[in-house]
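The structure under discussion appears below in the form of structure tokens.
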Amino acid sequence: MRIQTLKETRRFFLSDGGLETFLIFDKGYELPCFSAAVLLETDQGRADLRAYFERFIDIAKTSGRGFILDAPTWRAGTAWAGPLGQTLKEVMETNRRAVSFVSDLRTQHETGDCPILINGLVGPAGDAYAPDTEISQQDALLIHAPQIHALGKAGVDMISAMTLTHAGEAIGIVQAAQEIDVPAVIAFTLETDGHLPSGQSLGDAIAEVDAATDSGPLYYMINCAHPDHFRDVLDTTQAWTLRIGGIRSNASRQSHTELDEAETLDDGNPAELGKLSADLLSRLPNIRVLGGCCGTDHRHVGCIAAHDHPLTAA
């Protein structure tokens with residue numbers, strides 16, 4: 001299985017950066033519901049997506065790493081069909097087309113030194129930052145299963161649920177992935193205090209999901225937060241930190257509320273983010289994926305790629 005290359009590697013894979021913020025602030029797109037999947041509908045949109053991903057793949061090749069290639073399906077679940085003005089059938093077709101699109105990119109660019117894994121993105125059913133949109137694990141299973149099953153049928157190597165705000169939704173997503181035996185990654189978004197938007201601690205959220213799914217997630221990831229927001233909650237004496245296998249940080253130290261209200265992009269300091277990411281590698285030995293989230297682009301990921309995993313340092 002391709003996923004074994006990720007499980008067994010002693011080097012971290014790269015991911016891309018903040019796709020949606022790049023498309024909005026750098027390319028001038030107006031993304032309905034923050035959905036990058038709409039770009040698949042036009043020749044220009046597909047060309048811009050291709051150029052975006054190829055830039056990151058080139059960084060992975062140059063730095064001798066693998067790459068996690070995301071299907072742009074974060075806002076292509078059934079919960080977003082209505083807001084996007086689509087039928088359920090159209091949303092499922094969007095997921096198929098997205099996987100086909102990135103699979104073609106893999107065929108064009110994968111090499112023996114740069115393995116590429118196709119990752120189907122799943123987003124929360126509600127606002128990624130709002131704790132008042134919590135849903136039960138049963139509802140999450142019903143809401144997310146159609147998209148996850150469509151991604152699996154289309155041929156993804158794994159799925160990653162990004163910017164989740166609470167454990168209940170994460171449990172339902174993992175259970176949906178378990179139904180079709182597709183590896184699942186759970187990525188929680190964290191506030192400036194290092195806790196989930198629900199108020200739960202990261203360690204407790206990981207423990208709750210693992211207990212309900214027989215340690216189902218392939219690994220956990222932190223995304224959509226700056227390292228300064230969560231570094232101090234990573235108590236490496238606690239076993240749960242060994243379950244963290246990926247970090248996709250924001251460029252900005254601003255809170256989610258501040259980012260939501262911002263009219264200009266805070267792209268932070270790429271070199272500093274690269275250094276902070278390297279510091280996390282030294283504390284979290286099971287990290288296998290590093291990349292960016294809101295406000296990041298090829299500059300930030302390039303700086304992250306300049307550092308090596310402690311396990312492979314000479």
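When a/c reaches 1.5 or more, the comparison of a/b and b/c decides; with that in mind, is segment 223-314 rounded, prolate or oblate per its Cα gyration tensor? Before the final figure, lay out the partial values.
Working: a/c = 2.59, a/b = 1.44, b/c = 1.79.
Judged from the Cα gyration tensor, segment 223-314 comes out oblate (a/c at least 1.5, b/c at or above a/b).
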For the chain, what's the relative contact order in percent, using C-alpha pairs closer than 8 Å and at least 6 residues apart?
20
Residue among 23, 102, 66 farthest towards the positive dipole end of segment 3-312, charges placed on Cβ:
66
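Once you charge only the Cβ atoms, +1 for Lys and Arg and -1 for Asp and Glu, what is the size of the charge dipole of segment 3-312 about its Cα centre, to the nearest 20 debye? Walk me through the numbers before you get to the answer.
Values: 23 positive and 43 negative charges, 231 e Å.
Once rounded to the nearest 20, the dipole reads 1100 debye.
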Taking springs between alpha-carbon atoms closer than 10 angstrom, which of 264, 21, 165 fluctuates most in the Gaussian network model of the chain?
264
Straight-line reach only, C-alpha to C-alpha below 22 angstrom: list the lysines that residue 89 could link to, leaving out same-chain residues fewer than 8 apart.
153
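Given segment 3-312, what percent of its DSSP beta bridges are antiparallel, to the nearest 5?
Working: 2 of 31 bridges.
Just about 5 percent of them are antiparallel.
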Normalised by the empirical 2.2 N^0.38 Å for globular proteins, what value does the Cα Rg of segment 1-148 take?
1.10
Checking the a/c ratio against 1.5 first, then a/b against b/c, what shape does the Cα gyration tensor give for segment 72-171?
prolate
Straight-line reach check, residue 7, cutoff 13 Å on alpha carbons, 8 or more apart in-chain or any other chain, hits among aspartates and glutamates -> 157
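Among 294-301, 29-36, 139-146, how do they line up by average Cβ neighbours within 10 Å per residue, starting with the highest?
Values: 294-301: 24.5, 29-36: 16.2, 139-146: 19.6.
Averaged packing, sorted descending, gives the order 294-301, 139-146, 29-36.
Arranged from highest to lowest average of other beta-carbon atoms within 10 Å per residue, in what order do the peptides 207-217, 113-123, 66-76 appear? Please report the intermediate quantities before stating the final value.
Numbers: 207-217: 17.2, 113-123: 23.2, 66-76: 26.6.
Highest-to-lowest ranking by the protection proxy: 66-76, 113-123, 207-217.
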Within straight cross-link reach of residue 275, meaning Cα distance under 22 Å, which lysines are found once same-chain residues fewer than 8 apart are removed?
61
If you find the alpha carbon centre of segment 150-197 and of segment 3-35, how far apart are they in angstrom?
15
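Every read-out reported here was derived from the displayed coordinates using simple, explicitly stated rules and does not represent laboratory data. Bear in mind the structure is a predicted one, so any value in this text is a computation, not a measurement. Glycine also receives a Cβ, built like all others from the backbone with ideal geometry; neighbour counts cover every protein chain displayed.
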